[in-house]
1. To the nearest 10 Å², what's residue B:152's accessible area with a 1.4 Å probe?
2. Of A:100/B:207; A:100/B:177; B:177/B:207; A:160/B:177; B:177/B:266, which sit over 32 Å apart, Cα to Cα?
3. Using the Cα atoms of region B:226-291, I'd like the radius of gyration and the largest Cα-Cα distance, Dmax, both in angstrom.
4. Calculate the translational D of region B:2-218 in whole µm² s⁻¹ from Stokes-Einstein, where the hydrodynamic radius comes from the Kirkwood formula applied to all Cα pairs, the temperature is 37 °C and the viscosity 0.692 mPa s.
5. GluC sites (Glu not before Pro) within region A:15-93: which are DSSP loop residues with at most 14 other Cβ atoms inside 10 Å?
6. Could you rank the peptides B:21-33, A:240-252 by their average count of other C-beta atoms within 10 Å per residue, with the highest value first?
7. Which helices, taking whole DSSP H runs in chain A, have alpha carbons extending 24 angstrom or more along the helix axis plus mean Kyte-Doolittle at least -1.0?
8. What Rg and what Dmax come out for chain A when only alpha-carbon atoms are used, in angstroms?
Amino acid sequence: MNPELQRNLWLEATPRRVAWVVVALALVLGAVGVVTGMGGENARDVGRALAVTGGVIFVVSALLWGSREAGQAVMEEIGARTWEFQRLSALTPWTMTWGKLFGATSVAWMAALVGLTFAAADRAVDQGAASAMLFVISGVAAGVIFHAVAMSSALIGVRKARAEGRLATLRGSVFGLIFLLVLVWVVSGAVGGRGGGFDFLAGDAPVVWFGESFPRDGFVAASLALFAAWAVSGAWRLMRLELQTRNAAWWWPAFLVFAAVWAAGLASGAAEAWLAAFAIFVAGSYVSAFAEPADRIRLRQFAGSLPRGDVERTATLTPAVVPALLLAVIAAIGLTVVGSESSSTLVQSGNDAREVLNRALRDDATPAFALLAFLIRDLGVIAFFRFGARPRRGDFGAVVALGLLYLVGGALGSAFGDSVGGALFFPHPDQPIVSLISAALQAFLIWTLAARRIAGPDRPANA
Amino acid sequence: MIEVENVVYDYPSQRALHGVSFRIAKGAVLALVGPNGAGKTTLMRCVAALDTQTEGVIRVDGHNTLDHPRAVHAALGYLPDFFGLYDELTVRRSLLYAARSRGVGADRAEAAALTAAQRVELDDRMEQRAGELSRGLRQRLAIAQTIVHEPRVLLLDEPASGLDPEARRTLSEMIGKLAAQSGMTIVVSSHILSELEDYCSEMLMIKDGQVAGGGVLSAGSQAQAGPETLVDLILSAPRADLAEVLQRSGAAVVRADANGARVSVKGGAEAETALLARLVTAGVPLRAFSPVKRTLEQAYLEEVRKPATPVLGAAA
């Protein structure tokens, strides 16, 4: 047996804990059954009540309790000062990852699977065994995604804390899960056509993906299973770093491309598909700018290895934000090309060429590049604050600065100069050229300042 | 067994190691000494491939720590100054997990756990939970976990810190036994130099992130094998011209009075024998002729009291 799984089972799945969980589940489900039955409901209604209860048990156990346990699987090692011992072990990063992921959450999974069984049984009665099976796959995959994201966020937090000279906390896991929920909410709602919510997961209509129609429950189950595989592999890549194994910078861009292709397939046209990809790459750039440790030593080594043409070393030292930003640039170009193609179609249809060109620039290319320029400025702001003298407050400082720039700057700009004033501080759809020029100037200024901070003293002071 | 070449380690705002270089032979027991903040722990963590040096090369058992960190991890055992245990696990389960996670096969894990427990004299407490052990016993369990896979290199960072005198003595004897019986290359960082004296064969001093005192020195019982030996002389009867007689006999007098003297002799044991013969021939009434051992503590204090060497290129 995987030694890490074995140790986690020794510590987590003790006979006493398992017995308590069994008793608690029996009491809750028994109480629901008895109360519903005493209310004069028929057996089908009792079954439905148990299914709802099972669903709640699953959400509480798998998504909340299990996520906490997955994050704690790393954080408790830090708190108990056993992490260095683990880092020195002969276990492979993969063995360590799945041993922790499924060992630390073993009791939570036990409770969650009991709840999921009740919920799936009800679905089997209503919609058949195949639908129930897909429901179980979706539930398990969602649990795995939550756990892997919690563990990955904890591992990111550990690396950041080490670089910033502070103790790691569970804060990283909490932020990671909140981000995941917001992402699911936005994506699910956007696909459902309402800009937010969980419609995509809960609806019944078939899903059209790259023009092909798929049953929704099957598509959701397959998507969740694939994203679960990516989430676990992400935790594995981060575990590799903790165990001092070098990572080439392929995983993050590969995941972003996968997510972009998945989202693009759901779009209704070519421009929307490129826009979806662009949005994912922009979001990925922000995530990587905040998630990586502010390690100026590594950046200096990266800057040193680049001119030497040391491809292997450069690949391992490349900051994750670089490929994400390059992908965003490619998507912006794609958006422009698609815009030009649609413009050509309009010209062939007898429209005025000059007007069509202006429209293409206004609607497609310039806003994307203005957004890109603002992204580069924002990355500069993040770098400036995170590489400051007090790096532990860098994330907070960067968020506050960005908030001030967008909200206060934008409001002041709009108050004084209508759309032109506002366009100076955020990518304004009516003034894309102004936004582009303003963001480019701001980006140049902030990156000049950030570069000075990253370079720091030529040689660090004596210890 | 351990080769360190020009290792530099930078923290974001300060340089902790400035081009440290040394070599430790297989089977050596090295005392790594130096004041607080000198860079000992940083150096140990780099050797253990837990942290990555900014510049330089470290090889442990032939494995480069940058290229093959996991091979380095497999080759060594490292006990940090602040360590933790799984308090809810018994000694047996702690050692079984340690053995399995360090690559010992399932069929040999029980035997390896028992052997490690016997080495640290914990084999009578196998079913006791780690959280119930005293601090001294916890230290022993931590060392047992560190050596359960029979590493070729053992790094112990301040292992005696926080222990009472009896536990320190027991720990000292245990490390001495390990060094004598296992053939491991052992590096021990400690401030309690008198205890290192008993089992360390070599000493390396780190000061201000640099190697001080000329590199790896012979230590303990080997310490007097240097080019100069101090010898204490005690007379059975006072002799007023003792200093004069000593100088005529070719000894460098460090201090002298009518009842005795301390002299410095160059040339090792043969020169000491020759000096003794000359003094006896000269009629000096010797009661004792004792070479003085230069202890680790003396060597350490002499080095740390030297003025700091400016670091080339270091910013203020």
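The values are calculated or read from the model by the stated rules, or taken from the named source; none is laboratory data. All values reported here derive from a predicted model rather than from experimental measurement. Quick reminder, even Gly has a Cβ in these numbers, built from the backbone with ideal geometry, and neighbours come from all protein chains shown. Heads up: the accessible areas ignore ligands, DNA and RNA and are worked out on the full protein's heavy atoms, side chains in. Shrake-Rupley method; radii C 1.70, N 1.55, O 1.52, S 1.80 Å.
1. Here the accessible area works out near 110 Å².
2. A:100/B:207; A:100/B:177; A:160/B:177; B:177/B:266
3. For region B:226-291, the Cα-based Rg and Dmax read 10.5, 32 Å.
4. Working: Rh = 17.6 Å.
For the chosen part, D equals 187 µm²/s.
5. Here the sparse-neighbourhood loop sites are A:41.
6. Taking the mean over residues of other Cβ atoms within 10 Å, the ranking is B:21-33, A:240-252.
7. TM-like helix candidates: A:15-38, A:106-127, A:129-164, A:171-192, A:216-242, A:270-291, A:321-348, A:366-386, A:432-455.
8. 25.4, 80
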